[in-house]
Ligand SMILES: [Zn+2]
């Protein structure tokens, strides 16, 4: 029963955040400096490189953005978030995305994420983009996008050459119901754009609304 499972995880993560804040002092996840609040110190935050041209591409009513450069503080923080389960960083990341969306006057009805298959979820332990999407939806008073699924396991994009990345993901996403309204999809790192392209292609079959794909960081190779 998916609904029950997701509310259990939501409650649990809120509880664990609460417990961490009471019993553990805060340290900057990137430089280890002791800080009063949050998990990125102000100095590290200042070092985040915001992109001068966040718009990557526009295809009709579908827009692709990336907010920061995937390097330095951001690269370090995102790697710790994804691979070392520093879930506490989801607050900082969600805030960066919400600020971007609000300052660009982007209004959406739904906030979605890059889905994983059950196997992929078990391997990673959590879906890092789902956690972001849930926080962002809450902050923006939007709904979490229902019905977007990953229907087959794929190789990790990071292990593949650029040319293989698109075919690896081809037809791996499906949307089960028609969606009325505008949609924000959040992702952590935009690299070749294969995920963004495949996912929005699946979504476009089931909506006439705007699709705004926003990645926290962009890797420029
Ligand atoms: Zn720091």
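Just so it is clear, none of the values below were taken in a lab; they were calculated from the coordinates. This is a predicted model, so every value here is computed, not measured. Backbone-built Cβ (ideal geometry, glycine too); neighbour counts: all protein chains shown.
Some points to look at:
- Residue order, fewest to most beta carbons within 10 Å, for 110, 86: 86, 110
- Once divided by 2.2 N^0.38 Å, the Cα radius of gyration of the chain becomes 0.99.
- Model label points for residue 166 and residue 59, set 7 angstrom from Cα along the Cα-to-Cβ axis, are 0.9 nm apart.
- Highest mobility in the GNM of the chain, judged by mean-square fluctuation with C-alpha springs under 10 Å and restricted to 76, 182, 52, is found for 52.
- Beta bridges per DSSP with both ends in the chain, % antiparallel, nearest 5: 30 percent
- Rounded to the nearest 10 degrees, the inclination of helix 128-140 to the longest alpha-carbon principal axis of the chain is 90 degrees.
- Per residue convex hull volume, Cα atoms of region 45-127, in Å³: 128 Å³
- Taking Cα atoms only, the orientation of helix 2-23 departs from the longest principal axis of the chain by about 20 degrees.
- Comparing mean-square fluctuations of 30, 102, 73 from a GNM of the chain with C-alpha springs under 10 Å, the top value falls on 102.
- The mean sequence separation of alpha-carbon pairs under 8 Å and at least six residues apart, normalised by the residue count of the chain, gives a relative contact order of 21 percent.
- Prolate/oblate/rounded call for region 91-150, Cα gyration tensor, a/c under 1.5 rounded: prolate
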